[in-house]
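Structure, as structure tokens:
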Amino acid sequence: MDFSRSDFPDGFTFGAATSAYQIEGHAQGGAGETHWDTFAATPGNVVRQENGDLACDHYNRFEEDFDLMQAAGLDAYRFSTSWARVMPDGKTPNPEGLDFYDRLVDAMLERGLAPYATLYHWELPSPLADLGGWRSADMPKWFGDFTACIMGRIGDRMAAVAPINEPWCVGWLSHFLGHHAPGLRDIRATARAMHHVMVAHGTAIQTMRGLGMKNLGGVFNFEWAQPVDDSEAARKSADLYDDYYNRFFLNGIFKGAYPENVMEGFAPHMPDGWQDDFATIQAPLDWVGLNYYTRKIIQPVDGAWPAHDEAPTRLPTTQMGWEIYPDGLYNFLTRTAREYTGDLPLYVTENGMANADVIANGVVDDPERIAYVSAHIDAVKRAMADGAPVKGYFLWSLLDNYEWALGYEKRFGLIHMDFETLKRTPKASYHALKSALSR
Ligand code: GCO
């Protein structure tokens, strides 16, 4: 890779990220059913109806995975806790689940890996989905109780915690586009989910402050929005995309208001008294994490709000069909610091690419990933040179894993997984990263 650890200030954190449902093997350890299990069991939602029952069997093989992380010279592991493993019905603790995360955290610490936890990465317990899930105004309370339960057990050993991975995906992707569980396509559900996820975020932050925990942040996914042409209509479309995708959450937390043009669509559908929730939403944070992969070209279309669509890509793409656009990462790091967070530490909490990697004679050559990561780390360096206080970079992902609605065929890992034998094979990118981190 085109960088060395010595290019970065002392203490800059290099890590890798995963999430519980995508790697653990959800069918083990007494975890409860989640909305992802039934979403995946419904024909047409997920490639080959694949689910996370076994995934990478990280549940039983985490020591091997952490040995590989340690050998690569990584400093930190960004993982998530499964609500349905900790509380199978969403409300009652499961000692086996709590014991698992206890062992997991100790195994990280034994290998010098700093634990960066995310409380929720999308596997909602089915009984809570039955009660309305993210549409329900009770979600912040339920989520606060889950936060107290899991962090009451492992909170004493966390390097950093964020409540909810990618609020946009929890809200818009899952309730407006219907691409993720619960697969709704309904604007009222979307407006409520987008708001409740923010209140739940703030409630979890307050709960963890109450436990005396430090270094609490938020993790948001961003896509650069490029107008399809120079027209005023195209610019407005791209601004709206930027506002509901990227700015909605930062505006809520750092400015105490949602973007006006998003409220044009949402206002009739917001829950009663939503304006009173900003005191909770604005609970102070210690850092902000950005997940960044790509940009989208946005074009206006006729029809109901938001009346726009994605136009065809213009740059080389990854296996996901996503444009490779490192400048977007530079833009978001500098813009976030300039317009929202000032001196607050920023982390790249996810960045990486899916690639059609193949294993031949025990070797996986992935020069595409080496180039992708190098170009994005270069964007981080440029942003830091221009004043963005970036303190760490986490690669998505440690292992090839369950890529949600796209099943097991999109490979994001530094480590190749044979999903039949569960054999782990570090890819060329793993070896390249290891050598960059040792320089
Ligand atoms: C996300 C999630 C991950 C994905 C990854 C690749 O950003 O969507 O955090 O769960 O697997 O981003 O799509």
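The values are calculated or read from the model by the stated rules, or taken from the named source; none is laboratory data. Only a predicted model underlies this, so the values are computations on that prediction, with no experimental measurement involved. Heads up, the Cβs are rebuilt from the backbone with ideal geometry, glycines too, and the neighbour counts pull from every protein chain shown. Only protein heavy atoms, including side chains, enter the accessible area calculation; ligands, DNA and RNA are left aside. Shrake-Rupley method; radii C 1.70, N 1.55, O 1.52, S 1.80 Å.
Some values worked out for this structure:
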read-out: Residue in the range 208-218 that is open to solvent by 40 Å² or more (accessible area, probe 1.4 Å), within 22 Å of Tyr347 (Cβ to Cβ) and in a helix (DSSP H, G or I) present; value: yes
read-out: Enumeration of residues in the range 55-107 that are surrounded by 15 or more Cβ atoms within 10 Å (Cβ to Cβ) and hydroxyl-bearing (Ser, Thr, Tyr); value: Tyr59, Tyr77, Ser80, Thr81, Ser82, Tyr101
read-out: Residue that is surrounded by the fewest Cβ atoms within 10 Å (Cβ to Cβ), among those in the range 336-363 that are away from the ligand (no atom under 16 Å from the Cβ) and β-branched (Val, Ile, Thr); value: Val358
read-out: Asn221 vs. criteria out of contact with any Lys or Arg (no Cβ under 6 Å at 6 or more places or on another chain), more than 21 Å from Gly256 (Cβ to Cβ) and within 16 Å of the ligand (Cβ to nearest atom); value: yes
read-out: Some residue of the range 394-411 being crowded, with 20+ Cβ neighbours inside 10 Å, away from the ligand (no atom under 16 Å from the Cβ) and part of a helix (DSSP H, G or I); value: no
read-out: Members of the range 26-58 that are touching an Asp or Glu at 6+ places or on another chain (Cβ under 7 Å) and away from the ligand (no atom under 16 Å from the Cβ); value: Ala27, Gly29, Gly30, Gly32
read-out: Positions within the range 185-206 being under 24 Å from Glu260 (Cα atoms) and either free of Cβ contacts under 8 Å to residues at least 60 places away in the same chain or of a type in the set (A, V, I, L, M) (or both), in sequence order; value: Arg185, Asp186, Ile187, Ala189, Ala191, Ala193, Met194, Val197, Met198, Val199, Ala200
read-out: Those residues of the range 1-25 which are more than 15 Å from the ligand (Cβ to nearest atom) and either part of a helix (DSSP H, G or I) or exposed (fewer than 15 other Cβ atoms within 10 Å of the Cβ) (or both), in sequence order; value: Asp2, Ser4, Arg5, Ser6, Asp7, Pro9, Asp10, Gly11
read-out: Filtered residue count, the range 112-142, keeping only those that are surrounded by 16 or more Cβ atoms within 10 Å (Cβ to Cβ) and either over 22 Å from the mean Cα position of the chain (by Cα) or of a type in the set (Ser, Thr, Tyr) (or both); value: 8
read-out: Entirely in the range 61-170, the helices (runs of 4 or more DSSP H) that have 2 or more residues that are touching a residue at least 12 places away in the same chain (Cβ under 8 Å) and within 16 Å of Ser19 (Cα to Cα); value: 83-86, 95-110
read-out: Residue in the range 197-204 that is closer than 21 Å to Phe332 by Cα and part of a helix (DSSP H, G or I) present; value: yes
read-out: Residue that is most open to solvent (accessible area, probe 1.4 Å), among those in the range 257-284 that are part of a loop (DSSP other than H, G, I, E, B) and under 22 Å from Glu223 (Cα atoms); value: Ala257
read-out: All positions within the range 235-250 that are touching a residue at least 40 places away in the same chain (Cβ under 8 Å) and open to solvent by 20 Å² or more (accessible area, probe 1.4 Å); value: Lys236
read-out: Residue match in the range 294-303 (condition: surrounded by fewer than 15 Cβ atoms within 10 Å (Cβ to Cβ), on the phi > 0 side of the Ramachandran plot and away from the ligand (no atom under 15 Å from the Cβ)); value: yes
read-out: Qualifying residue in the range 429-438 (condition: closer than 29 Å to Leu173 by Cα and within 16 Å of the ligand (Cβ to nearest atom)); value: no
read-out: Matching residues in the range 364-388 - criterion: being in contact with a helix residue (DSSP H, G or I) (Cβ under 6 Å, 6 or more places away or on another chain), within 16 Å of the ligand (Cβ to nearest atom) and either open to solvent by 10 Å² or more (accessible area, probe 1.4 Å) or of a type in the set (S, T, N, Q) (or both); value: none
read-out: Lys391 vs. criteria open to solvent by 20 Å² or more (accessible area, probe 1.4 Å), touching a residue at least 60 places away in the same chain (Cβ under 8 Å), under 17 Å from Thr13 (Cβ atoms) and not in a strand (DSSP E or B); value: no
read-out: Number of the exception - Asp309 against (1) more than 30 Å from Asp418 (Cα to Cα); (2) open to solvent by 20 Å² or more (accessible area, probe 1.4 Å); (3) not in a strand (DSSP E or B); value: (3)
